[in-house]
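Please read the structure below before turning to the comments.
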Amino acid sequence: MGGITLNFGDVLAGQPGQWLLSGFLMTLYVSIAGSLVATVLAVVLLALRIAPSRAINAIAIAIIEVFRNTPILVQFLFWYFAAFGLLPRAVRDYVTDNHPWAVLPFNNVVLAPEYLAAAWGLGVFIAAFLAEELRAGLNAVPKGQTEAAISQGFTYGETLRLILLPQALANCWQPLVTQYLNLMKLSSIASAIGLAEITYQVRQVESYNSHAFEAFAIGTAFYLLVGLALGQALGALGPHPPGGRPRRADLAAEKEARAAEVAEAASDA
Amino acid sequence: MNPADAPLIVLKNLHKRYGSLHVLRGVDLEVARGEAIAIIGPSGSGKSTLIRLINRLETISEGEIFIDGMPTASFTGRRLRELRTEIGFVFQQFNLYGHLNALDNVSLALRKVRGLPRAKAEARAHELLERVGLADKARQYPAQLSGGQQQRVAIARALATDPKTVLFDEPTSALDPEMIGEVLAVMQELPKNGITILVVTHEMSFAREVADRVAFIDGGKILELEPPAQFFGAPSHPRTRRFLKQVLSPLSAAEP
């Protein structure tokens, strides 16, 4: 046993390269679908959580706590093995049939139990967290904002949509971004139910030619790059912080004024 | 009676209870059109609760409020929201919408509650901002404005839907002293334009100079209701006299 000799060529070219590329794309596909599911469900959960009925709130709390406090691996296994089996026979047959239109480049099948269970499982899991982040963001909006809106004749729904939620989103944007990044990273666990995303493909390469170090390095680099890019993009796209983002021109003027003050102070001394 | 002479707001035997706490214990008050009423009293006396009942930020426990001769205590839903657009409310903490600039703060209700097109709503908002001396601050966000400027935007916002009445809940209590004047100056213009104002305040000079009548409220009841000359010159109720002594010369009133 000598030192490690790295050979990325054997991992990036040929069949292993095809597998890795296919895995990259599958991770992106399942993350995008999972994010959409998570966003829609989070809004529904939030609505139930803050509805003016204790009973409805209790239902939302129960759902949120179950999904936040159980391992996502267990949830994947549940959706894939248990829940899918409860679907009507016709639906299951349709999902497992061959559908050429549902095969994306590099042989990624998106109408398949693995993909549906993974996207749905990620969506439900992250939705529970998103709903709680949004609620925290809402709670941080001062009560006076609601009173002002009510006193102007807005309905509660309008108050929520026009006044409270925009400020709540600005309050909790960073934690929300973190949850979407978590979703992307947690998609790796869907390899356990056979979803051929990047982690699954990395292991396949490893068992094919034993270049474990190179394969895992590439997989890690992929998660890191996508995570950094996504974090930057979502952060930049985020809503303005309350009070508005200071404009570049304003910042420049302020800097100039401060410089002038410093110069003045220096000449006084 | 000529409807123009009929009082705009009539409070009849108004009560407010929070559980076992009886905050307002039977308030009667008639407010004429275009009148300015200052409401003063010790903290916890129920003066803020009183004006919050008029636009129903609080629920009425007992009694009736007539506005324009119409009993409103039973109003809910759409009728209540319509009533609220007829009554402006200005808060101690301004409560400007933090994510909107001054122009949008003033025009939002015009667009979304009154259904005006954006151009019309913004033209009206510009007019109002000019009226409170902030035409040049239309694009500024609340966090970029001083307290006095924020409160003036809040007054413009309260005026957006052309209310007959504007209620003020300690509008200058959160301001630095040098900014109180600019807000009071905007407020005293309103009665001149036929707008009825009820002002809960600690500004005795405003009560003295601008109010048509001053109400002293303590223990959940109006104990005294007089024009300022009478109110400050010859208060009849002993509690009024004690309160005025405390606020007008706090040091000599303090018991060692």
All positions within the range B:57-107 that are more than 17 Å from the chain's Cα centre (by Cα), at the interface with another protein chain (Cβ under 9 Å from one of its Cβ atoms) and aromatic (Phe, Trp, Tyr): B:TYR97
Qualifying residue in the range B:106-125 (condition: under 30 Å from B:SER43 (Cβ atoms) and among the acidic types (Asp, Glu)): no
From the options A:VAL11, A:VAL37, residue that is touching a His at 6+ places or on another chain (Cβ under 8 Å) and in a helix (DSSP H, G or I): A:VAL11
Residue within the range A:141-150 that is surrounded by fewer than 17 Cβ atoms within 10 Å (Cβ to Cβ), away from every other protein chain (no Cβ under 14 Å), more than 28 Å from A:LYS185 (Cα to Cα) and free of Cβ contacts under 8 Å to residues at least 40 places away in the same chain present: no
Residue tally, condition assigned to a strand (DSSP E or B) and over 13 Å from B:HIS22 (Cα atoms), over the range B:49-65: 3
Set A:GLY153, A:GLY157, A:GLY137, A:GLY194: member being within 14 Å of chain B (Cβ to nearest Cβ) and under 27 Å from A:ILE72 (Cβ atoms): A:GLY137
Single unsatisfied condition, A:TRP19 versus (1) crowded, with 19+ Cβ neighbours inside 10 Å; (2) modelled with pLDDT of 95 or more: (2)
Wholly enclosed helices (runs of 4 or more DSSP H) of the range A:54-134 bearing at least 2 residues modelled with pLDDT under 90 and of a type outside the set (Ser, Thr, Tyr): A:89-96
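For (1) touching a helix residue (DSSP H, G or I) at 6+ places or on another chain (Cβ under 8 Å); (2) within 21 Å of A:LEU181 (Cβ to Cβ); (3) surrounded by 14 or more Cβ atoms within 10 Å (Cβ to Cβ), each residue gets a yes or a no:
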| position | (1), (2), (3) |
| --- | --- |
| A:LEU12 | yes, no, yes |
| A:ARG49 | yes, no, yes |
| A:LEU73 | yes, yes, yes |
| A:GLY85 | yes, no, no |
Failed criterion for A:GLN179 (all others in (1) at pLDDT 90 or above; (2) surrounded by fewer than 20 Cβ atoms within 10 Å (Cβ to Cβ) hold): (2)
Exclusive hit being surrounded by fewer than 19 Cβ atoms within 10 Å (Cβ to Cβ), in contact (Cβ under 8 Å) with a residue 60 or more places away in the chain and under 24 Å from A:LEU228 (Cα atoms), set A:LEU169, A:LEU104: A:LEU169
Residue match in the range B:69-84 (condition: of a type in the set (Val, Ile, Thr) and loosely packed, with under 13 Cβ neighbours inside 10 Å): yes
Residue list for the range B:152-173, restricted to those being away from chain A (no Cβ under 11 Å) and over 14 Å from B:LEU128 (Cβ atoms): B:LYS164, B:THR165, B:PHE168, B:GLU170, B:PRO171, B:THR172, B:SER173
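Every residue, every condition in (1) surrounded by fewer than 22 Cβ atoms within 10 Å (Cβ to Cβ); (2) among the polar types (S, T, N, Q); (3) within 18 Å of A:ALA149 (Cβ to Cβ), yes or no:
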position	(1), (2), (3)
B:LYS120	yes, no, no
B:HIS126	yes, no, no
B:ARG131	yes, no, no
B:LYS137	yes, no, no
B:TYR141	no, no, yes
B:SER146	yes, yes, no
B:VAL153	no, no, yes
B:LEU159	no, no, yes
Residue check, A:ALA38 under 26 Å from A:ASN139 (Cα atoms) and either in contact with a strand residue (DSSP E or B) (Cβ under 6 Å, 6 or more places away or on another chain) or surrounded by 13 or more Cβ atoms within 10 Å (Cβ to Cβ) (or both): yes
Residue selected from the range B:100-118 under the condition part of a loop (DSSP other than H, G, I, E, B) and in contact (Cβ under 8 Å) with a residue 12 or more places away in the chain, by the criterion surrounded by the fewest Cβ atoms within 10 Å (Cβ to Cβ): B:ARG114
Options B:VAL214, B:VAL166, B:VAL247, B:VAL183: the member that is β-branched (Val, Ile, Thr), under 29 Å from B:HIS15 (Cβ atoms) and in contact with a Lys or Arg (Cβ under 9 Å, 6 or more places away or on another chain): B:VAL214
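The values are calculated or read from the model by the stated rules, or taken from the named source; none is laboratory data. As the structure is a prediction and not an experimental result, all values here were calculated from the model. In this analysis, Cβ positions are derived from the backbone assuming ideal geometry, glycine residues included, and neighbour counts consider all displayed protein chains.
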